[in-house]
Amino acid sequence: MNVKRDRSPVVEILLSTYNGEKYLKEQIDSLFAQTHKEWRLIVRDDGSTDSTVEVVKGYQSLHPGKVILVEDTEGRLGPTGSFSRLLENSTADYLMFCDQDDVWLPEKMETTLARLRTLESGFETMPLLVHTDLKVTDEGLNVIADSFLKYQNLDPGRKDLNNLLVFNNVTGCTVMMNRALKDLATPIPAEAVIHDWWMALVASAFGIIEYMNVPTVLYRQHAENVVGSTGYSIRYFASRLKTIGSTAGLIRRMVRQASALDDLYGERLSREKRLTVRTFSTLLKRRRPGRLYTLYRYKFRGTGFFWNLGVFTLWLFMSGEDGVRTYGTFKKDNA
């Protein structure tokens, strides 16, 4: 890729909508309030039954060429499929994911673009991903927590494959990526758990992930969230015990995601990284005592003693069957 060093590059903001009429105007207005003005918003609606499409068309009529609604007759694809379609149709050198019910802080685009371009100056053809922290808010945008990562006990320094295969700490609505990553990672396979997790895995495998310790998004929590944010507390772990079947389903999906990564990129991965991916993707085929040894040896773990204890226990007692349960506790990237 020939990196354009134009003074004010265009950034494409990718927004997948679904029944988002209640908060969508606030989000789009926050885009127009950005200090970086060279951008265009590409929207794909995923089958809304409310007035979401009309809201988007209203902005499109006022700002032709700035707001673009993708005409897509394929219907509901879900968040991963919808964002994958947006990525496949993007043309800019710099891309961002956008959630319909958050609010961007004014310098979000300028701040992450500056960091990405600085990073790019030393690694011009390498897949690059920059992400930031968020402020967690209630429905009325009153701040609940100044740092989402502290609220969830996430460590952005854990960005190697052995970490990201088991736990995603890259929040999609804070991400900016370069075209090299987009070209390599798309189309996103059906086995991917969620779009931002997949992009983080590919970036970790072949490029660089950079974290900026600054909040750039008001991360709204409300009753309609498909997935919200819960603080890292005893209450959180009690709630996880109630959804142990879903967590087991997620583990199986993580294994399938790793298998897809191996199938698509195995020959291009370094020997060490391919061994890591392949080992993780075959964990459920191992005898139960061997799973714990492998989890320990390859440092397949997330953040926090109690989280790891619970997940390690699940790994130990899960069967090797390939079934996957429906999992519905991700954040509302598309809802």
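The values are calculated or read from the model by the stated rules, or taken from the named source; none is laboratory data. Remember, it's a predicted structure, so these values are computed and weren't measured experimentally. With ideal geometry, Cβ positions are generated from the backbone for all residues, glycine too; neighbour counts draw on all protein chains shown.
Could you check how many residues of region 2-46 are at pLDDT below 95 and on the phi > 0 side of the Ramachandran plot?
The qualifying residues number 0.
Residue by residue, here is whether (1) among the aliphatic types (A, V, I, L, M); (2) modelled with pLDDT of 95 or more; (3) surrounded by fewer than 24 Cβ atoms within 10 Å (Cβ to Cβ) holds:
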position: THR174; (1), (2), (3): no, yes, no
position: ASN178; (1), (2), (3): no, yes, no
position: ASP183; (1), (2), (3): no, yes, yes
position: PRO187; (1), (2), (3): no, yes, yes
position: ALA190; (1), (2), (3): yes, yes, yes
position: ALA203; (1), (2), (3): yes, yes, no
position: GLU210; (1), (2), (3): no, yes, yes
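Please determine, by comparing only the residues of region 47-73 that are farther than 16 Å from LYS22 by Cβ and under 23 Å from the mean Cα position of the chain (by Cα), which one is surrounded by the most Cβ atoms within 10 Å (Cβ to Cβ).
VAL67
If you check LEU15 against the conditions, is it in contact with a Cys (Cβ under 6 Å, 6 or more places away or on another chain) and of a type in the set (A, V, I, L, M)?
yes
Does any residue of region 232-249 turn out to be at pLDDT 75 or above and aromatic (Phe, Trp, Tyr)?
no
When the residues of region 35-46 are filtered to those that are touching a residue at least 60 places away in the same chain (Cβ under 8 Å) and surrounded by 14 or more Cβ atoms within 10 Å (Cβ to Cβ), which remaining residue is nearest to LEU24 (Cα to Cα)? Break it down stepwise before answering.
As a first pass, look at region 35-46 and keep what is touching a residue at least 60 places away in the same chain (Cβ under 8 Å): 35-36, 39, 46.
In the following step, the residues that additionally are surrounded by 14 or more Cβ atoms within 10 Å (Cβ to Cβ) were identified as 36, 39, 46.
On the way: HIS36: 20, TRP39: 18, ASP46: 14 Å.
In this case the residue turns out to be ASP46.
Determine whether MET109 is of a type in the set (A, V, I, L, M) and either touching a His at 6+ places or on another chain (Cβ under 6 Å) or not assigned by TED's automatic domain parsing to the domain that holds ILE209 (or both). Give the derivation first.
Working: of a type in the set (A, V, I, L, M): yes; either touching a His at 6+ places or on another chain (Cβ under 6 Å) or not assigned by TED's automatic domain parsing to the domain that holds ILE209 (or both): yes.
Yes, satisfied.
Cβ-Cβ distance below 7 Å, separation of 6 or more or different chains: which pairs start in region 115-139 with a residue that is under 15 Å from MET212 (Cα atoms) and end on one that is assigned to a strand (DSSP E or B) and of a type in the set (Asp, Glu)?
Listed pairs, sorted by first residue: ARG115/GLU210; LEU119/GLU210; VAL130/GLU210.
Going through region 212-227 one residue at a time, which ones are out of contact with any Leu (no Cβ under 7 Å at 6 or more places or on another chain) and at pLDDT 95 or above?
In the first step, residues of region 212-227 are kept if they are out of contact with any Leu (no Cβ under 7 Å at 6 or more places or on another chain); the result is 212-214, 221-227.
Once the filter is applied, which keeps residues that are out of contact with any Leu (no Cβ under 7 Å at 6 or more places or on another chain) and at pLDDT 95 or above, region 212-227 yields MET212, ASN213, VAL214.
Pull up region 111-125, narrow it to residues that are of a type in the set (A, V, I, L, M, F, W, C) and touching a strand residue (DSSP E or B) at 6+ places or on another chain (Cβ under 7 Å), then point me to the one that is farthest from MET177 (Cα to Cα). Can you show your working first?
Here is the first cut: in region 111-125, the ones of a type in the set (A, V, I, L, M, F, W, C) are 113-114, 116, 119, 123.
So of that shortlist, the ones also touching a strand residue (DSSP E or B) at 6+ places or on another chain (Cβ under 7 Å) come out as 113, 116, 119, 123.
Working: LEU113: 9, LEU116: 8, LEU119: 11, PHE123: 13 Å.
Top of the filtered list is PHE123.
Identify, by number, the condition in (1) surrounded by 23 or more Cβ atoms within 10 Å (Cβ to Cβ); (2) not in a helix (DSSP H, G or I) that MET109 doesn't meet.
For MET109, the failing item is (2).
Could you tell me which residue of region 280-303 is farthest from the chain's Cα centre (by Cα), considering only residues that are part of a helix (DSSP H, G or I) and within 11 Å of VAL255 (Cβ to Cβ)?
LYS285
Within region 278-313, can you find the residues that are closer than 23 Å to VAL170 by Cβ and modelled with pLDDT of 80 or more?
Selection gives ARG278, THR279, PHE280, SER281, LEU283, LEU295, TYR298, LYS299, PHE300, ARG301.
Of the residues that make up region 76-88, is at least one surrounded by 14 or more Cβ atoms within 10 Å (Cβ to Cβ) and more than 17 Å from the chain's Cα centre (by Cα)?
Looking only at region 76-88, we keep the residues that are surrounded by 14 or more Cβ atoms within 10 Å (Cβ to Cβ), and these are 77-87.
Then keep just the ones that are more than 17 Å from the chain's Cα centre (by Cα); that gives none.
Among the residues of region 76-88, not one is surrounded by 14 or more Cβ atoms within 10 Å (Cβ to Cβ) and more than 17 Å from the chain's Cα centre (by Cα), which makes the answer no.
Can you pull out the residues in region 37-91 that are out of contact with any Gly (no Cβ under 6 Å at 6 or more places or on another chain) and among the small types (Gly, Ala, Ser)? Step through it out loud before you land on a result.
We begin by selecting, within region 37-91, every residue out of contact with any Gly (no Cβ under 6 Å at 6 or more places or on another chain); these are 37-46, 48-51, 53-74, 77-91.
Within region 37-91, SER48, SER51, GLY58, SER61, GLY65, GLY78, GLY81, SER82, SER84, SER90 qualify.
Scan region 185-200 and tell me whether some residue there is free of Cβ contacts under 8 Å to residues at least 40 places away in the same chain and hydrophobic (A, V, I, L, M, F, W, C). So that I can check it myself, show each step before the final result.
Initially, region 185-200 is screened for residues free of Cβ contacts under 8 Å to residues at least 40 places away in the same chain, giving none.
No, because not a single residue in region 185-200 is free of Cβ contacts under 8 Å to residues at least 40 places away in the same chain and hydrophobic (A, V, I, L, M, F, W, C).
With respect to LEU309, is the statement that it is in contact with a helix residue (DSSP H, G or I) (Cβ under 6 Å, 6 or more places away or on another chain) and of a type in the set (A, V, I, L, M, F, W, C) true? Give the derivation first.
Details: in contact with a helix residue (DSSP H, G or I) (Cβ under 6 Å, 6 or more places away or on another chain): no; of a type in the set (A, V, I, L, M, F, W, C): yes.
When the stated conditions are applied, LEU309 does not pass them.
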